[in-house]
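Undergrad: Encoded as structure tokens, here's the structure I'll be asking about.
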């Protein structure tokens, strides 16, 4: 058994038969979100933006999360009392069959995800993985780390509904949807371009709508 951060996306494809496709209707619909920001959101974004532009390349991982990402997530407010909540640095564990029908234990700590529950996460819906841009010799694979967590959750949930995620490399955000054994990844959105930052916020808000709609049908 190896932790989530050790997985690479090609290894996941070879082990579990997942396939990356150019697009999925669910991803296209998700990325079509274009809600106008509220006055409050405008104030927060405009306050965060100058600091982000100046320091995004200097921040370490914790600083990027604390000074920027957390504020964006708080704007969306992925939480509803006694229904679902946001969780950070929690462990996800399950067993999934590989392409040879052998059991593979999947266990790892996840940066951030949204799931049913208040204290004990159940039925995860959305994942966020933050990754500081490093040099090209780094062995880490942010897509692989996010994808294996989503794949584990697909098994854990025992359902075929889409699972949503985003991985962040410095200033760049890329959104991903996993459906059955197929996944699709968006192009990069640059948070240092204000219009793209508002787009990022709109996409995240659309995901909250999806989560609440799914919960209402359970």
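Undergrad: Could you list all residues from region 79-113 that are over 26 Å from residue 11 (Cβ atoms), touching a residue at least 60 places away in the same chain (Cβ under 8 Å) and not in a loop (DSSP other than H, G, I, E, B)?
TA: Listed by number, the residues that qualify are 80, 84.
Undergrad: Continuing with the same structure: How many of the residues in region 20-32 are outside any helix (DSSP H, G or I) and crowded, with 17+ Cβ neighbours inside 10 Å?
TA: 1
Undergrad: Take the residues in region 1-19 that are outside any helix (DSSP H, G or I), at pLDDT 95 or above and touching a helix residue (DSSP H, G or I) at 6+ places or on another chain (Cβ under 7 Å), then tell me which one is surrounded by the most Cβ atoms within 10 Å (Cβ to Cβ).
TA: So, considering only residues that are outside any helix (DSSP H, G or I), at pLDDT 95 or above and touching a helix residue (DSSP H, G or I) at 6+ places or on another chain (Cβ under 7 Å), the one surrounded by the most Cβ atoms within 10 Å (Cβ to Cβ) is 18.
Undergrad: When you go through (1) at pLDDT 95 or above; (2) within 16 Å of residue 18 (Cβ to Cβ); (3) in a loop (DSSP other than H, G, I, E, B) one by one for residue 184, which number turns out not to apply?
TA: (3)
Undergrad: Follow-up. For residue 205, state whether it is under 21 Å from residue 64 (Cα atoms), without any contact (Cβ under 8 Å) to a residue 40 or more places away in the chain and out of contact with any strand residue (DSSP E or B) (no Cβ under 9 Å at 6 or more places or on another chain).
TA: No: the conditions fail for residue 205.
Undergrad: Given 122, 107, which one is in contact with a strand residue (DSSP E or B) (Cβ under 9 Å, 6 or more places away or on another chain), at pLDDT below 95, surrounded by fewer than 13 Cβ atoms within 10 Å (Cβ to Cβ) and within 21 Å of residue 162 (Cα to Cα)?
TA: Testing whether each residue is in contact with a strand residue (DSSP E or B) (Cβ under 9 Å, 6 or more places away or on another chain), at pLDDT below 95, surrounded by fewer than 13 Cβ atoms within 10 Å (Cβ to Cβ) and within 21 Å of residue 162 (Cα to Cα) leaves just 122.
Undergrad: What residue, among those in region 155-165 that are touching a residue at least 40 places away in the same chain (Cβ under 8 Å) and within 19 Å of residue 208 (Cα to Cα), is surrounded by the fewest Cβ atoms within 10 Å (Cβ to Cβ)?
TA: 161
Undergrad: Residues of region 154-189 being within 16 Å of residue 92 (Cβ to Cβ) and out of contact with any helix residue (DSSP H, G or I) (no Cβ under 9 Å at 6 or more places or on another chain), which ones?
TA: 154, 155, 156, 157, 158, 159
Undergrad: Evaluate the following for residue 67: is it outside any loop (DSSP other than H, G, I, E, B), touching a strand residue (DSSP E or B) at 6+ places or on another chain (Cβ under 8 Å) and under 26 Å from residue 188 (Cβ atoms)?
TA: Spelling it out, it is not the case that residue 67 is outside any loop (DSSP other than H, G, I, E, B), touching a strand residue (DSSP E or B) at 6+ places or on another chain (Cβ under 8 Å) and under 26 Å from residue 188 (Cβ atoms).
Undergrad: Check off (1) in a helix (DSSP H, G or I); (2) at pLDDT below 95 for residue 197 and give me the number that stays unchecked.
TA: (2)
Undergrad: Going by the structure shown, is residue 44 more than 20 Å from residue 154 (Cβ to Cβ), surrounded by 18 or more Cβ atoms within 10 Å (Cβ to Cβ) and modelled with pLDDT of 95 or more?
TA: So residue 44 fails the test.
The values are calculated or read from the model by the stated rules, or taken from the named source; none is laboratory data. The structure presented is a predicted model; accordingly, all values stated were derived computationally and were not measured. Using ideal geometry, Cβ is built from the backbone for each residue, glycine included, and neighbour counts are taken over all protein chains shown.
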